[in-house]
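All remarks here apply to the structure that follows.
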Amino acid sequence: MSVEIAVVIPTYKRPDLLRRCLEALLEQSLDAALFEVLVVDDGRSDDTRAVVEELAARPGAPVLRYLQPQGTRGPAAARNRGWRATLAPLIAFTDDDTVPDRRWLEEGRRALGRKLVAAAGRVVVPVLGRPTDHARMTQGLETAEFVTANAFVRRAALEKIGGFDERFKRAWREDSDLQFSLLEHCGEVGRANAAIVVHPVREARWGISLWQQENVSFDALLFKKHPQLFKTRIRSQPPWRYVLIVLSTLAALGFSLAGQGAAALVAVLLALGGILSFAFKRLRGASLAPAHVAEMLVTSFAIPYLAVYWRFVGAWRFRVLFI
């Protein structure tokens with residue numbers, strides 16, 4: 001019996017989460033002889049290798065293989081390393097922090113049986129009560145069109161488009177780029193709603209939203225490669241709220257240097273109003289725990305400036321007119 005589907009999981013120094021994911025894969029309803037699992041360790045960790053080797057030795061387990069990336073690092077490169085290391089005609093992608101449903105592979109395989117080039121499964125993000133800002137961001141996976149936390153792609157299609165673009169060095173937009181490339185060069189990308197993975201919300205450090213703003217630089221690359229699809233599927237307009245806040249701040253500085261105090265005050269109030277409205281938007285329906293409210297207020301003052309900065313960095317880095 002030959003392997004029909006290969007599961008590719010990039011991981012980076014999260015052996016406990018990886019173990020949880022792999023144990024769910026060991027319980028799949030699909031015959032273990034029909035699939036294999038390739039773990040690509042971007043952290044080159046002995047603990048990660050040990051988890052894979054331990055679970056691979058369990059009686060009745062599918063083939064579990066431990067790999068390390070070659071050259072370029074990042075999730076896009078890790079996924080390329082994984083799918084290129086297998087001869088399976090179907091490739092399933094998920095992340096080390098998901099918990100695949102028992103019928104995940106069976107349902108994903110069935111969906112691609114309809115002659116689709118690729119299919120996006122369903123991601124479930126369980127959240128109790130009012131979510132934090134980080135939890136709400138994670139919940140965005142539930143409505144995303146195509147994410148590599150739960151995706152099935154024909155190997156032939158990956159070969160045709162060259163796999164993932166390894167210039168996407170963070171876990172951001174590399175999946176949209178893959179989706180758009182498949183649509184433009186291969187054929188229909190559909191849904192596999194019965195193929196479910198659960199994606200619990202991880203603990204996040206304070207101010208993680210500030211660190212995440214660097215992701216925006218890769219929006220510029222996605223826009224450069226797929227301008228029309230970017231406008232219709234991702235964002236049709238620049239983030240005018242951020243732009244207004246930044247321009248108002250610059251105007252306030254300019255008026256102040258010119259000795260026009262009244263005009264500077266108006267500009268400052270305009271920027272402050274934009275920041276506070278942004279903070280209130282983030283808090284609407286979210287957790288009102290004092291620590292979370294404080295985090296939202298503080299980070300909302302910084303995010304507009306960081307977001308605009310990283311958009312310009314991306315535009316410069318990838319040589320594209322992008323605001």
Enumerate the pairs (first residue in region 25-43 and more than 19 Å from Trp83 (Cα to Cα); second residue anywhere and small (Gly, Ala, Ser)) with beta-carbon separation below 6 Å, excluding pairs fewer than 6 apart on the same chain, so at least 6 apart or on different chains.
Leu26/Ala61
Can you confirm whether Leu269 is touching a residue at least 12 places away in the same chain (Cβ under 8 Å), surrounded by fewer than 16 Cβ atoms within 10 Å (Cβ to Cβ) and hydrophobic (A, V, I, L, M, F, W, C)?
no
Can you tell me which residue among Ala76, Ala61 is touching an Asp or Glu at 6+ places or on another chain (Cβ under 7 Å) and among the hydrophobic types (A, V, I, L, M, F, W, C)?
Ala76
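For region 253-276, how many residues are part of a helix (DSSP H, G or I) and more than 22 Å from Trp310 (Cα to Cα)? If you could, list the steps in order and put the result at the bottom.
If we filter region 253-276 for residues that are part of a helix (DSSP H, G or I), which is where we start, we get 253-257, 261-276.
Still in the running and more than 22 Å from Trp310 (Cα to Cα): 254-257, 261-270, 273.
Qualifying residue count for the region: 15.
Please specify each residue of region 137-161 satisfying the condition of being of a type in the set (D, E, K, R), in contact (Cβ under 8 Å) with a residue 12 or more places away in the chain and out of contact with any helix residue (DSSP H, G or I) (no Cβ under 8 Å at 6 or more places or on another chain). Quick ask: steps written out before the conclusion?
Of region 137-161, the ones of a type in the set (D, E, K, R) are 142, 145, 154-155, 159-160.
Imposing the further condition that a residue be in contact (Cβ under 8 Å) with a residue 12 or more places away in the chain reduces the set to 142, 145, 154-155, 160.
Glu142, the sole residue that qualifies.
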Going through region 237-252 one residue at a time, which ones are closer than 13 Å to Ala307 by Cβ, under 24 Å from the mean Cα position of the chain (by Cα) and not aromatic (Phe, Trp, Tyr)?
Pro238, Pro239, Arg241
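Residues to consider are Val117, Val63, Val99, Val51; find the one that is modelled with pLDDT of 95 or more, among the β-branched types (Val, Ile, Thr) and surrounded by fewer than 17 Cβ atoms within 10 Å (Cβ to Cβ).
Values: Val117 fails: surrounded by fewer than 17 Cβ atoms within 10 Å (Cβ to Cβ); Val99 fails: surrounded by fewer than 17 Cβ atoms within 10 Å (Cβ to Cβ); Val51 fails: surrounded by fewer than 17 Cβ atoms within 10 Å (Cβ to Cβ).
Every option except Val63 fails the conditions.
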Per the list (1) among the small types (Gly, Ala, Ser); (2) at positive phi; (3) out of contact with any strand residue (DSSP E or B) (no Cβ under 9 Å at 6 or more places or on another chain), residue check on Ser29 breaks on (2)
Close pairs (8 angstrom Cβ cut-off, 6 or more residues apart or separate chains): among the β-branched types (Val, Ile, Thr) in region 51-70, assigned to a helix (DSSP H, G or I) anywhere
Val51/Pro15; Val51/Leu18; Val51/Arg19; Val51/Leu22; Val52/Leu18; Val52/Leu22; Val63/Ala56
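Applying the selection to region 191-211, what residues are under 30 Å from Val298 (Cα atoms) and touching a residue at least 12 places away in the same chain (Cβ under 8 Å)?
Taking region 191-211 as the starting set, the residues that turn out to be under 30 Å from Val298 (Cα atoms) are 199-211.
Across region 191-211, the qualifying residues are His199, Pro200, Val201, Arg202, Ala204, Trp206, Gly207, Ile208, Ser209, Leu210.
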When (1) more than 21 Å from the chain's Cα centre (by Cα); (2) surrounded by 20 or more Cβ atoms within 10 Å (Cβ to Cβ); (3) not aromatic (Phe, Trp, Tyr) are applied to Leu34, the one that fails is (2)
Could you go through region 168-187 and let me know if any residue there is farther than 21 Å from Thr98 by Cβ, buried (at least 22 other Cβ atoms within 10 Å of the Cβ), outside the structural domain of Thr94 (by TED's automatic domain parsing) and touching a Leu at 6+ places or on another chain (Cβ under 9 Å).
no
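Residue-wise test of (1) surrounded by 17 or more Cβ atoms within 10 Å (Cβ to Cβ); (2) touching a Gly at 6+ places or on another chain (Cβ under 9 Å); (3) hydrophobic (A, V, I, L, M, F, W, C); (4) over 21 Å from Thr148 (Cα atoms).
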site	(1), (2), (3), (4)
Trp206	no, no, yes, yes
Gln212	yes, no, no, no
Phe218	yes, yes, yes, no
Ser236	no, no, no, yes
Phe280	no, no, yes, yes
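Can you name the residue in region 292-322 that is aliphatic (A, V, I, L, M) and under 21 Å from the mean Cα position of the chain (by Cα) and is also nearest to His226 (Cα to Cα) among such residues? Steps first, answer last, please.
First, the residues of region 292-322 that are aliphatic (A, V, I, L, M): 293-294, 296-298, 302-303, 306-308, 313, 315, 320-321.
Still in the list and also under 21 Å from the mean Cα position of the chain (by Cα): 303, 306-308, 313, 315.
Values: Ile303: 26, Leu306: 24, Ala307: 21, Val308: 21, Val313: 19, Ala315: 14 Å.
Among those residues, the one meeting the criterion is Ala315.
Name the residues in region 282-297 that are loosely packed, with under 14 Cβ neighbours inside 10 Å and touching a helix residue (DSSP H, G or I) at 6+ places or on another chain (Cβ under 9 Å), would you?
Step one: of region 282-297, the residues loosely packed, with under 14 Cβ neighbours inside 10 Å are 284-285, 288-291, 294.
Answer for region 282-297, where residues must be loosely packed, with under 14 Cβ neighbours inside 10 Å and touching a helix residue (DSSP H, G or I) at 6+ places or on another chain (Cβ under 9 Å): just Gly285.
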Any residue in region 167-190 that is free of Cβ contacts under 8 Å to residues at least 12 places away in the same chain and not in a helix (DSSP H, G or I)?
no
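When you look at Pro69, is it surrounded by 20 or more Cβ atoms within 10 Å (Cβ to Cβ) and either at pLDDT below 95 or not in a helix (DSSP H, G or I) (or both), yes or no?
On the way: surrounded by 20 or more Cβ atoms within 10 Å (Cβ to Cβ): yes; either at pLDDT below 95 or not in a helix (DSSP H, G or I) (or both): yes.
So Pro69 passes the test.
The values are calculated or read from the model by the stated rules, or taken from the named source; none is laboratory data. A quick note: this is a predicted structure, and the numbers were derived from the prediction, not measured. Because the Cβ atoms are built from the backbone with ideal geometry, glycine has one as well, and the counts that use them run over all protein chains shown.
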